[in-house]
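Each value in this text was obtained by applying a stated rule to the coordinates, not by laboratory testing. Just so it is clear, the model here is predicted, and its values are computed rather than measured. Using ideal geometry, Cβ is built from the backbone for each residue, glycine included, and neighbour counts are taken over all protein chains shown.
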């Protein structure tokens, strides 16, 4: 394929007026001649897409997801491309969604307006800017660019969602707005680009990445609504290089590079190795988890890293290493308990549990939202009928004893499931210290085993159970992020709280021998 950037037109400084009209119709010429940006040193330079940026432009699809190493220039590229589209495609409705208002303002001032103000005068006269405020730019050709934290309503022809990974970690409500309002606003013929560093292994950005990866692995023909993956690592960035004479590479570090080379199918030269080792040492104090998250060598590596803000990242990683997430059979003769988190207007989550000797086996999980107690009892009874076991106890959280409005009488949730046939119901006392209760669950986790098939949805929620993010201080707090994953974790937490309250027998458990009927009974 010929390089479309190698146009037949000379640079803007050397082009003749006769050729300029034709050159202005060529997007590649415009991108490499009209626009100015600030480089990493804050110096104004003419925009000239680097190798990774050109690759993206040549391979861009309708829906694009870009997991990337830090500072690879994708935000700048996409915003220059969006500006170019607004100027040369009349009536374009475009939008940039940033992680917060300050970032949106910064994008406007340092990227969009910076490039606009340095355009040749004849371009600005041809398409004058008619509206210029903090959140909106409008041009005389009918094109508009919004800069905000979400976009809802109307049609957006070109949408850029910047740092969705950070938005996922910091603001679940914004993620919901983006998923339900902003993304659907882009028609199948529009362009959607989502780019971010991988801030955690779970959430909407991670889901889009994995879906796009699956499409690529299967060599699936994409529809306009399918996401295409564009991964940008650190090892092919010309700026991420250091004189190898200035950095000693340890044998362990060289072994890591050799594993990466085998994975990516290309060598990593000494200059790139030196930069990586020095950055790991000086910026991240040898913390490879943080290095992998900000500068992943390949996509799977970014998702292997446990995020700082996940409550159960270490217990879940240890459970996987120990083989405690896998095939966990439901054993006959052992009663099955249930542990609930009850939602009135939101999710209800229920774990199915067997105590086998000193291990806690979780052999099933169900959930729903906005359903009555009968829905869950029916679902649990269907599982019992299919898997042939007997019920033990049903552990409800403290609000299971709160009176609820029923068609006939005020009843508790416990009353309602008892009426439906669940007789052995226990109410788990309310904790006075949520963080201590979570720590209690974490301490018990070494005894937990999960059937990965029967508990698949619950396991996903435990992986995503997150601390709350304090955007003002930029730190994780001890609270719980309301991201939809908390319900399954709250249900599981009833297990440790019930045991601490003495509601569960902590001694060895074994099947009770069946008593032989006497002749008189017969």
Rounded to the nearest 10, the angle in degrees between the Cα long axis of helix 251-264 and the longest principal axis of the Cα atoms of the chain comes to 80
Given an 8 Å cut-off on Cα distances and at least 6 residues of separation, report the relative contact order of the chain as a percent. 12
For every helix of n ≥ 4 consecutive DSSP H residues, a contribution of -39,500 (n - 2.57) applies; sum these over the chain, divide by its total residues, and give [θ] at 222 nm rounded to the nearest 500 deg cm²/dmol. -10500 deg cm²/dmol
Just the Kirkwood number for the stretch 244-305, please: inverse of mean 1/r across all distinct Cα pairs, in Å, one decimal. 11.9
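So how do 189-197, 17-25 stack up, highest first, on mean other-Cβ count within 10 Å?
Highest-to-lowest ranking by the protection proxy: 189-197, 17-25.
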At residue 477 and residue 453, where each label point lies 7 Å from the Cα along Cα→Cβ, what is the point-to-point distance in nanometres? 4.3
Per residue, the convex hull volume that the Cα atoms of the stretch 82-147 enclose (Å³): 66
Please report the orientation-averaged projected area of the chain, defined via the convex hull of its C-alpha atoms, in nm². 33.0
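FRET efficiency for residue 420 and residue 318, Cβ-Cβ distance as r, R0 = 30 Å, nearest 0.05?
Approximately 0.20, to the nearest 0.05.
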Packing-ranked peptide list from 91-100, 444-453, 158-167, 355-364, highest mean Cβ count within 10 angstrom first, is 158-167, 91-100, 355-364, 444-453
Find the centroid of the Cα atoms in the stretch 75-145 and in the stretch 208-233, then give the distance between the two in whole Å. 29
Starting from the 7 Å offset along Cα-to-Cβ, what nm value, one decimal, do you get for the label separation of residue 358 and residue 375? 4.1
Considering the Cα positions of the stretch 44-229, please state its Rg to one decimal place and its Dmax as a whole number of Å. 16.0, 49
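Among 276, 256, 413, 375, rank each residue by its count of other Cβ atoms within 10 Å, from fewest to most, as a rough exposure measure.
Listing 276, 256, 413, 375 from fewest to most nearby Cβ atoms yields 375, 256, 413, 276.
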Given the peptides 61-74, 103-116, 379-392, arrange them by the average over their residues of other C-beta atoms within 10 Å, most packed first. 61-74, 103-116, 379-392
Burial ordering of 490, 346, fewest other beta-carbon atoms within 10 Å first: 346, 490
Is the shape of the stretch 12-79 best called rounded, prolate or oblate, per the rule: a/c under 1.5 gives rounded, else a/b larger than b/c gives prolate, else oblate, with a ≥ b ≥ c the square roots of the Cα gyration tensor eigenvalues? oblate
Give, in nm to one decimal, the length gained when the segment between residue 259 and residue 21 is fully stretched (0.36 nm per residue of separation minus the Cα-Cα distance). 80.5 nm
Across the alpha-carbon set of the stretch 320-500, Rg over Rh with Rh taken as the Kirkwood radius works out to 0.97
Just the number, please: percent antiparallel of the DSSP beta bridges in the chain, rounded to the nearest 5. 45
What is the fewest-to-most order of 395, 122, 231 by other Cβ atoms lying within 10 Å of their Cβ? 122, 231, 395
So for the pair residue 223, residue 433, with labels modelled 7 Å out along Cα→Cβ, what separation do we get in nm? 5.3
Relative to the longest principal Cα axis of the chain, at what angle does helix 486-500 sit, 0 to 90 degrees, rounded to 10? 30
How much length is gained on full extension from residue 109 to residue 446, taking 0.36 nm per residue of separation minus their Cα-Cα distance? 116.2 nm
Antiparallel content of DSSP bridges confined to the stretch 320-500, in %, to 5: 65
Quote to one decimal, in nm, the extra length available between residue 239 and residue 327 on full extension: 0.36 nm per residue of separation minus the C-alpha distance between them. 27.0 nm
